[in-house]
Every structure is written in C-alpha cells, then in structure tokens.
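The values are calculated or read from the model by the stated rules, or taken from the named source; none is laboratory data. The shown structure was predicted, so the numbers you read here are calculated from the model rather than taken from an experiment. Note that we place each Cβ from the backbone using ideal geometry, even for glycine, and neighbour counts take in every protein chain shown.
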Amino acid sequence: MEIKMNEDIKELLLMVTSIAQEKPELLNARENEIYLKFSETGFIEVYPSLAERKFSLIGLFCAESFEKREGFTLFYAFKQEGMAPVLILVRETGKEKMTTSIAEAFPSASWFEREVRDGFGIEFDGAFDTRRLFLHECYPEDFHPLQKAFKNGPIRQAESPRMEYKFRQVKGEGMYQIPVGPVHAGIIEPGHFRFSVIGEPIFSLEIRLFYKHRGIEKLAEGKSPSECVVLAEAVSGDESMANATGFCTAVEQICGINVPERAERLRAIMLELERINSLLGDLGGMAVDVGFALVASPFHVMREEVFRQNEKLTDSRFLRGITVPGGLKKDIPDSALKELPPFLEKFTRDFESAYNRAISSSSLIDRFATTGVIRKELVSPLNLTGPLARASGCPADIRIDRPYGAYKDFAPQNSLRKNGDVLARYEVKADEVRASIALILRLTENLPKGPVFAESAGYAGNNSSGNISGATGYSLALVEAPRGQSLHWVYLKNGLVDRYKVRTASFCNWQAIEHAVLGNIVPDFPLINKSLNLSYAGTDL
Amino acid sequence: MVNPLSFFLRPKVTETFEFRDEELEALGAEIRKEIPKIFGHSLAIRELDSGSDNSTEIEISNLGNPHYDVERFGISFVASPRHADVLMVTGAVTLNMAEAVKKTYEAMPHPKYVIAVGDDACDGGIYKGSYAVLGGVDKILPVDVKIPGNPPSPKEILQGIFALVKKASK
C-alpha cells in the first residue's frame with residue numbers, strides 16, 4: 001500500500017525516527033494523522049522525548065481485534081501546540097493485558113489509563129492511581145464492558161459493593177473535609193467534589209465524576225455510521241453539533257467522501273451558533289454565580305433568541321438531526337438563512353450593551369479578577385484546551401491549527417489573555433462571541449448553492465455503489481467544540497462501527513479545576529466551576 | 001461629586017422585552033389558578049439529573065429566563081428535596097446514579113410526585129439495552145407524568161407541569 005504524505009507529516013516522521021534507534025513500522029497516514037508502530041523498547045525510548053519536545057498526549061484509547069490482530073491495541077495520540085499533524089503511536093499489549101504507564105511523563109495519561117483499564121481490563125504497571133474511573137462500586141469486579149466478549153445488556157450488579165472509593169487524605173490541624181454532591185443544589189448535572197479546607201481557603205480538591213456513565217461507546221459498536229450520529233449528539237447536549245461533526249468528519253475521512261461546499265459552510269454556521277449559545281450561558285451564568293441577576297438576564301434573553309433561530313434553521317433548538325456522514329440530511333431554508341444577518345446585527349448591539357454593563361461593574365471585577373487562576377504551565381501536560389487555555393496565554397484552536405470543513409477557508413479571529421483568572425476567561429468568552437458573529441456573517445455571504453449531501457455517501461439512498469456500506473478503515477478527527485478540542489476516532493469494519501472513541505475537551509479540562517481552586521475560598525468555587533464550563537455528560541459518556 | 005439628579009435622568013435599567021407569547025401566558029394563568037387548589041401557594045420542584053445529556057437541564061433552566069419566567073406562575077425550583085413537592089428527573093437512570101436518585105426521592109416529604117422529562121427519562125430512549133442504565137425513571141420511582149422530547153421545549157415542559165397539577169388535584 002502506498003501512503004501519501006504531506007510536508008508536515010514527513011517532517012514529523014523524520015523527527016520521530018531521529019529519536020529512536022529503530023525504524024518504526026508505518027501503519028497508515030492521512031492528511032494530518034500518522035500511525036507508527038515501534039517495538040516495546042522503541043516505544044519506551046521515544047515517548048519521554050516527546051514530552052521534552054512539548055507534545056501533549058491528547059488521547060489514549062484501545063481497540064480489540066484491531067485489523068485482525070490478536071488481543072488489544074493501544075493508540076497514543078500526540079500533538080504539538082499550533083501544529084496540524086497528530087502522531088499516533090500504536091502499542092500492543094498482547095494476551096497478558098499488561099503494559100506500562102506513561103503518566104509520569106504525560107500527566108493527562110492518568111485518567112486515560114484508568115479509563116482503558118475499566119473498559120478493557122488492561123493493567124498499567126507503574127501507574128500512580130489505579131482506582132476505577134467510570135465503573136463505580138455498583139459494578140462487579142472483573143467487569144470490562146468494552147471487551148468484545150461482553151455482549152451489551154443488563155448486568156448483575158455487585159451485591160455488597162466492594163471497597164469504599166478512597167479519596168485523597170489530607171490531614172493536619174484545623175483541616176476538615178467538605179463533601180459535595182453527586183446531587184447539587186441547582187439545575188445542574190451530578191458529580192462529587194471533596195474539598196479539604198482550612199477555614200475558608202481550599203487546600204485541596206478532588207473530583208469524582210462518571211455518575212452519568214451511559215455506555216455510549218459500547219452502544220456504538222455494530223451500528224451503521226448514520227445510526228451512530230444520535231449517539232454523538234447525545235455525548236453532550238449543548239455540543240450536539242460539534243460532536244456530530246467530529247464523528248461524521250472521521251467517517252468521511254475513512255470513506256474518502258468529499259462533503260459539498262454548501263454543506264460545509266452550513267455546518268460551520270451552525271457550529272458557530274452553538275458556540276455562541278454555550279458562551280452566552282457562561283457569560284450569564286458567571287454573573288448569576290456572583291449574585292448579579294441584572295447583568296445575567298440580557299445574556300439569557302439573547303441565548304433564548306439564538307435557540308429560536310436554531311429552531312428556524314433546523315427544527316431543533318439544539319441543531320440535532322441535521323448532520324449526517326456526507327453532509328446534511330436536508331438543506332436549510334433560504335428564508336431562515338436570510339434572517340441571520342439582520343438578527344446578528346441587532347444581537348451585536350444588545351450584546352455589547354450587556355457586556356459593557358457587566359464589565360463596568362466594580363463589584364463584578366472584584367470577584368472575577370485574580371480568582372481561580374490556571375497557570376500556563378498546566379496547559380500542555382493536562383492537555384487543556386478551549387477558552388480556558390486561551391485565557392491562560394495559550395492560543396490553541398483546532399479551527400486555526402488543524403482546520404476542518406469550511407474553517408479551511410474561514411479562520412476565526414483568535415482571542416488571547418494571559419492572566420488565566422476568571423476575568424480573563426470572561427473576556428475571552430466575550431471576544432469569542434464577537435468572533436463567531438463575524439464568522440457567521442462571512443459564511444452566510446455568497447453562500448454557494450448546490451447539494452448538501454455527497455451522493456457518494458450512498459447508504460442513505462440505498463445506493464449500492466456508495467462507499468460507506470462495506471468500508472473498512474480508521475481515522476481521527478479533531479473539532480473545536482465550544483469547550484475546546486474534541487477528539488473522535490472511528491474504526492469501521494465492513495461499513496459498521498467497530499469502535500468509536502470520543503474524548504471531549506471537558507474530559508481533560510476537568511482536571512484543571514483541582515488546580516484552579518487552590519487557595520481560593522469555598523464560596524468562589526461555583527464561580528470558578530462556571531467559568532471553566534465543564535460538561536459532565538461529555539466526560540462520563 | 002455625583003449629582004443626585006443623574007439617578008433620575010440616566011436611562012432606566014429595566015427595559016421592556018418584545019416577546020409576549022399569548023399561548024404561554026394563557027397556560028401560565030391556568031397553572032397559576034390550579035396550583036393553590038392542591039399545593040398551597042406555590043409548586044416547589046426539585047430537578048434531578050439521573051444521566052441526561054445536559055440538553056434537558058438547559059431547557060428546564062430556560063424556564064427561569066425572562067421569556068418564560070415561570071416563577072410568576074407559582075412554580076419554583078428549590079435546592080433541596082426536603083422542600084420539594086415534585087421531583088423532576090432527566091435522563092435514563094444510570095447504575096452509577098441509581099442510589100442517589102432513590103435517596104433524593106426518599107428525602108422528599110409526602111405527598112410527592114415525579115415527572116420524567118425527556119425521551120431517555122421516559123423509557124431509556126437511545127440508551128435502551130445499555131449495560132450502564134436501568135432504563136427510564138419508572139424503573140425505580142413511581143412516575144406521575146412523562147414529558148417526551150429530545151429534549152422537550154420549555155413550553156412542552158410547562159405543559160407537563162400543568163398536566164401534573166391537574167392530575168394531583170383530581
């Protein structure tokens with residue numbers, strides 16, 4: 001098989017081979033992704049140098065019986081900030097289901113490894129945290145849902161839950177713990193926070209999530225790509241469009257489908273509307289969390305107006321049921337599209353007035369400034385992305401670094417702040433609303449006419465020449481969801497999904513909160529949490 | 001020095017929004033009329049997420065925004081199940097949340113009602129057959145009203161609340 005490579009990929013390959021003594025096996029390469037396999041000694045030689053070269057571990061996932069291999073195959077996805085290519089090192093565990101941890105060099109690996117261990121039963125030698133992650137105490141021992149031997153269905157729950165989940169113990173004079181959740185006081189999702197505090201200031205925080213683990217990845221197994229879109233949309237409701245686009249992009253890459261330009265443009269318009277909605281929720285919610293309803297209300301009004309625009313465009317307030325592999329299920333009515341520019345013009349005026357009211361309040365600034373700082377040094381090791389990384393001096397944005405769809409021709413204005421506090425995040429979010437508005441206006445201008453669905457996608461119209469039905473292959477897609485980088489890896493076998501791995505920005509970003517709250521007072525926790533806008537559903541899957 | 005007159009002369013901070021929805025107003029008035037028959041002066045709802053995809057939470061939160069502002073109809077969302085007449089559950093019940101769901105329900109005073117919101121909460125929805133969920137909310141709690149939708153709109157949720165109030169007063 002001849003593998004075509006662009007310059008960036010060639011350069012990356014050269015760099016990696018210069019580290020190792022041995023020549024790796026090149027398994028596959030595509031625009032912006034390359035799969036290499038080293039021997040075990042080669043892998044152990046290479047990965048620490050990647051950490052030194054400022055690569056982030058953006059994903060670590062597993063597949064069973066991958067390409068007729070026996071046992072389990074691990075995929076380590078690395079990316080350098082600002083660079084397009086993703087380097088994927090493939091590692092096999094063989095039958096012993098035992099391998100070594102890389103969490104010392106890449107802290108983001110810790111949760112990934114725990115996730116793989118729960119799902120597949122692979123042990124990571126040397127891991128500093130071996131507690132279960134998404135399987136809570138109600139799940140029996142030796143239960144690993146993502147193994148192919150397990151057929152999805154009801155299971156016998158553990159009768160007397162084994163051991164209590166052990167939280168980090170912090171002891172000392174005057175130290176006490178505050179357990180919060182999983183059920184919280186507002187209309188929000190469930191999760192558990194264990195604070196260790198001395199008086200008011202937080203000394204340590206440990207989070208425990210995955211209460212909402214619904215088994216999305218297992219449900220995807222054996223489904224056709226078009227059936228899987230609803231699962232991608234259900235990963236995180238307010239990022240339905242982003243995750244559907246990520247999943248479909250991966251499938252389109254595998255099958256070599258060229259999405260029509262009109263569909264690409266319409267997808268981007270909807271992705272930006274979704275982003276605006278998410279950001280408005282934050283700008284309003286953060287004001288609510290400092291008890292400032294007057295400032296919050298206009299943002300909530302605007303958000304509802306955007307929901308209604310969404311409904312006019314797609315019949316769904318959450319832009320659901322429109323994205324399919326190959327493009328869009330249906331075209332968007334011109335009447336709804338024509339409404340967008342005047343709507344956004346009025347929206348901009350309302351937005352600026354609401355934002356000015358917020359940012360000119362000294363009491364709001366007093367609460368926001370210097371609160372919940374995330375240092376830039378944490379960004380790469382924890383693979384933090386999205387507005388929170390951009391507020392900590394790190395400009396990474398997949399739409400710019402590794403553009404997909406219409407973003408190849410329409411780059412957004414990047415926003416950057418250095419302080420990393422709640423205020424910096426507030427400012428970045430406001431900038432991003434403006435940037436999204438500007439982008440939508442550019443995207444709607446001279447919108448090309450034509451089809452919104454690639455005929456070659458086939459499966460939809462019982463077209464036997466279509467190339468999704470029967471396709472085998474794998475590919476990785478990255479999209480910039482409202483919360484940051486969202487990773488989608490799809491492995492198709494004979495046209496059906498054999499493995500769908502999704503890792504949302506929140507999965508990594510959640511770990512920032514344990515650092516951001518240190519030294520802050522407990523009453524500032526809700527504000528810090530809101531400013532990070534982390535999705536529980538998108539993490540728990 | 002701030003001139004005290006400026007407080008009167010500067011623009012008002014309360015403005016009128018142009019989004020009166022007669023259908024919503026009529027529904028709200030009906031609810032406002034029905035609630036006192038059985039619940040005293042207001043209906044206290046505790047929202048509980050048992051495994052949703054978060055879109056349903058967003059629509060329930062939207063009931064409080066200025067377009068709907070359901071508190072004026074006598075509906076309030078409360079922080080504790082101890083204060084609640086109604087438990088509004090979203091999402092298929094996950095194994096990891098089942099115990100917390102039961103405990104939340106048990107913490108409510110009698111009489112108590114349960115509303116399941118969204119397709120997943122109604123019957124498990126797209127999660128049917130998953131190892132990780134028990135199914136709809138009625139697998140572990142007595143459900144009085146089901147509001148289907150992916151997710152249901154704020155108005156549909158309000159209609160569901162109305163259905164519950166009617167049911168309770170019978």
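Evaluate the following for A:Ala354: is it buried (at least 17 other Cβ atoms within 10 Å of the Cβ), over 25 Å from the mean Cα position of the chain (by Cα), within 18 Å of B:Pro66 (Cβ to Cβ) and not polar (S, T, N, Q)? So A:Ala354 passes the test.
Results for (1) within 18 Å of the chain's Cα centre (by Cα); (2) within 14 Å of another protein chain (Cβ to nearest Cβ); (3) part of a helix (DSSP H, G or I), shown as yes or no for each residue.
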| site | (1), (2), (3) |
| --- | --- |
| A:Lys429 | yes, no, yes |
| A:Ile437 | no, no, yes |
| A:Asn446 | no, no, no |
| A:Leu478 | yes, no, no |
| A:Gly519 | no, no, no |
| A:Leu527 | no, no, yes |
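Taking (1) assigned to a loop (DSSP other than H, G, I, E, B); (2) crowded, with 20+ Cβ neighbours inside 10 Å; (3) more than 12 Å from every other protein chain (Cβ to nearest Cβ) in turn, B:Ile115 satisfies each apart from (1). Go through (1) within 18 Å of the chain's Cα centre (by Cα); (2) surrounded by fewer than 24 Cβ atoms within 10 Å (Cβ to Cβ) for A:Gly222 and report which single condition fails. All conditions are met except number (1).
For (1) touching a helix residue (DSSP H, G or I) at 6+ places or on another chain (Cβ under 9 Å); (2) assigned to a helix (DSSP H, G or I), each residue gets a yes or a no:
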{"site": "A:Val295", "(1), (2)": "yes, yes"}
{"site": "A:Val301", "(1), (2)": "yes, yes"}
{"site": "A:Lys312", "(1), (2)": "yes, yes"}
{"site": "A:Ser316", "(1), (2)": "yes, no"}
{"site": "A:Leu319", "(1), (2)": "yes, no"}
{"site": "A:Leu337", "(1), (2)": "yes, yes"}
{"site": "A:Asn356", "(1), (2)": "no, yes"}
{"site": "A:Ile365", "(1), (2)": "yes, yes"}
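Buried (at least 21 other Cβ atoms within 10 Å of the Cβ) and modelled with pLDDT of 90 or more, is that true of A:Leu50? Here the answer is yes, as A:Leu50 does meet what is asked.
Here A:Ser297 passes the criteria (1) within 13 Å of another protein chain (Cβ to nearest Cβ); (2) surrounded by fewer than 24 Cβ atoms within 10 Å (Cβ to Cβ); (3) closer than 30 Å to A:Asp118 by Cα except the one numbered (3).
When we screen A:Glu217, A:Glu233 for residues that are within 11 Å of chain B (Cβ to nearest Cβ), surrounded by fewer than 24 Cβ atoms within 10 Å (Cβ to Cβ) and either in contact with a Lys or Arg (Cβ under 8 Å, 6 or more places away or on another chain) or closer than 22 Å to B:Asn96 by Cβ (or both), the only hit is A:Glu217.
Residues in the stretch B:64-74 that are surrounded by 21 or more Cβ atoms within 10 Å (Cβ to Cβ) and either assigned to a helix (DSSP H, G or I) or modelled with pLDDT of 95 or more (or both): B:Val70, B:Phe73.
In the stretch A:421-453, of all residues being touching a Gly at 6+ places or on another chain (Cβ under 7 Å) and not charged (D, E, K, R), the one that is surrounded by the most Cβ atoms within 10 Å (Cβ to Cβ) corresponds to A:Val422.
Filtered by the rule that a residue be under 21 Å from A:Arg208 (Cβ atoms) and over 24 Å from the mean Cα position of the chain (by Cα), the stretch A:103-123 gives no residues.
The residues in the stretch B:80-97 that are more than 7 Å from chain A (Cβ to nearest Cβ) and either out of contact with any strand residue (DSSP E or B) (no Cβ under 8 Å at 6 or more places or on another chain) or part of a helix (DSSP H, G or I) (or both) can be counted, and the count is 3. Those strands (runs of 3 or more DSSP E) of the stretch A:25-92 in which at least 1 residues are farther than 18 Å from A:Ser486 by Cβ, hydroxyl-bearing (Ser, Thr, Tyr) and not assigned by TED's automatic domain parsing to the domain that holds A:Thr504, considering only elements entirely within it, cover A:33-37, A:72-80. Can you confirm whether the stretch A:95-116 contains a residue that is surrounded by fewer than 21 Cβ atoms within 10 Å (Cβ to Cβ), touching a Ser or Thr at 6+ places or on another chain (Cβ under 7 Å) and without any contact (Cβ under 8 Å) to a residue 60 or more places away in the chain? Within the stretch A:95-116 (the criterion being surrounded by fewer than 21 Cβ atoms within 10 Å (Cβ to Cβ), touching a Ser or Thr at 6+ places or on another chain (Cβ under 7 Å) and without any contact (Cβ under 8 Å) to a residue 60 or more places away in the chain), the answer is no, since none of the residues qualifies.
Only one of the listed residues (B:Val101, B:Val78) is closer than 14 Å to B:Leu141 by Cα and either crowded, with 24+ Cβ neighbours inside 10 Å or without any contact (Cβ under 8 Å) to a residue 40 or more places away in the chain (or both). That residue is B:Val101.
Report, by residue number, each residue of the stretch A:258-301 that is in contact with a Leu (Cβ under 8 Å, 6 or more places away or on another chain), closer than 19 Å to A:Ala424 by Cα and not small (Gly, Ala, Ser). Within the stretch A:258-301, A:Met286, A:Asp289, A:Val290, A:Phe292, A:Val295, A:Phe299 qualify.
Close Cβ contacts (under 8 Å, 6 or more residues apart or on different chains) running from residues in the stretch A:77-90 that are within 18 Å of A:Val502 (Cα to Cα) to residues that are modelled with pLDDT of 90 or more and among the acidic types (Asp, Glu) comprise A:Val86/A:Glu33; A:Ile88/A:Glu33. Scanning the stretch A:20-42 for residues being more than 26 Å from the chain's Cα centre (by Cα) and either under 21 Å from A:Leu476 (Cα atoms) or surrounded by 16 or more Cβ atoms within 10 Å (Cβ to Cβ) (or both) gives a total of 6.
Quick grid of which residues meet (1) at pLDDT 95 or above; (2) over 23 Å from A:Leu443 (Cβ atoms):
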site: A:Gly327; (1), (2): no, no
site: A:Arg357; (1), (2): no, yes
site: A:Ser362; (1), (2): no, yes
site: A:Ile374; (1), (2): yes, yes
site: A:Gly405; (1), (2): no, no
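Filtering the stretch A:101-119 to residues that are touching a Pro at 6+ places or on another chain (Cβ under 9 Å) and either hydroxyl-bearing (Ser, Thr, Tyr) or under 24 Å from A:Arg499 (Cβ atoms) (or both) leaves A:Ile102, A:Phe106, A:Ser108, A:Asp118, A:Gly119.
Within the stretch A:251-274, residues that are touching a residue at least 24 places away in the same chain (Cβ under 8 Å) have Cβ atoms under 7 Å from residues that are basic (Lys, Arg) in these pairs: A:Gln253/A:Arg30; A:Arg262/A:Lys449, counting only partners at least 6 apart in sequence or on another chain.
In the stretch A:112-227, counting only strands (runs of 3 or more DSSP E) that sit wholly within it, the ones holding 2 or more residues that are touching a Leu at 6+ places or on another chain (Cβ under 8 Å), outside the structural domain of A:Thr245 (by TED's automatic domain parsing) and farther than 30 Å from A:Ala471 by Cβ span A:192-198, A:202-208. Selection within the stretch B:44-62: residues that are of a type in the set (Ser, Thr, Tyr) and touching a Pro at 6+ places or on another chain (Cβ under 6 Å). The member of this set that is farthest from the other protein chains (Cβ to nearest Cβ) is B:Thr56. Screening the stretch B:66-79 for residues that are more than 13 Å from the chain's Cα centre (by Cα) and within 7 Å of another protein chain (Cβ to nearest Cβ) and picking the one that is farthest from B:Glu25 (Cα to Cα) gives B:Pro66. Return yes when B:Ala121 is more than 8 Å from chain A (Cβ to nearest Cβ), touching a Ser or Thr at 6+ places or on another chain (Cβ under 9 Å), modelled with pLDDT of 95 or more and more than 25 Å from A:Phe134 (Cβ to Cβ) and no when it is not. No; evaluated as a whole, the condition is false for this residue. Residue by residue through the stretch A:136-153, note down the ones that are facing chain B (nearest Cβ under 8 Å) and among the hydrophobic types (A, V, I, L, M, F, W, C). Once the filter is applied, which keeps residues that are facing chain B (nearest Cβ under 8 Å) and among the hydrophobic types (A, V, I, L, M, F, W, C), the stretch A:136-153 yields A:Cys138, A:Phe150.
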